[in-house]
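Where a number appears in this text, it was derived from the coordinates with a stated rule and is not lab data. Please read all numbers here as calculations on a predicted model, not as lab measurements. As a convention, Cβ positions derive from the backbone with ideal geometry for all residues, glycine included, and neighbour counts pool all protein chains shown.
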Amino acid sequence: MLQFTPARILLALVAFALIPGEALFADTINLGFIQFIEGSSTTAGFNLLNETGPNSSPFPDPSFPVVTAVPFSDLELFVNFADGSAEVFPSSSGYFALSTVDNLSFIGQQESDFVTKAISSAILTGTFGATNLTLNDGYHVTIPPSFTAIITDPLGSLQDGDFSLITASATTVAAPEPASAALLACGLIGLALGVHRLRSRLRVS
């Protein structure tokens, strides 16, 4: 029967360390959010907050973990009113203006229609300007290039402050650096040989 001696366990760890593998798993990360904001008593609009790069949350806070600045582009806003009508703001409409505060977020125009007509939902689509990202825990991820965010409200129409997160399904690659893997393997091999020699001397004595 095979016995799991310390030497065998260590050698198994060596073999594992030498495998040039990648730890892959699907995860969802937050990059920002779109929010419905009432302005004056007669207007309201949608603002797009980009929470990547300088706006990301510091480790170990996972709320907005992307330290790579990810520009949002090709923004299209679809506003569905409770009466069944809709209004579309394509990327060419200029509805969103880039914020001068961080050069990543966008301020939407205030519209009177957004107050006089109840809004049942709003849909934002866009494109991520970067897809190979670094997170605040040091991991590297890749994400799809496009996104969709949908704002709704349980009351049936949007209220001031309603928002929807902008997320991406990420594939995380957790592979050690080649130099680190080699050092780990050498150390484990030396330890395994030392344990083997010690056990041999004990058997002789």
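In plain terms, the residue of 172, 28 with the fewest other Cβ atoms within 10 Å comes first and the most crowded comes last, giving 28, 172. Here the contact order of region 92-148, divided by its residue count and restricted to Cα pairs under 8 Å and six or more residues apart, works out to 23 percent.
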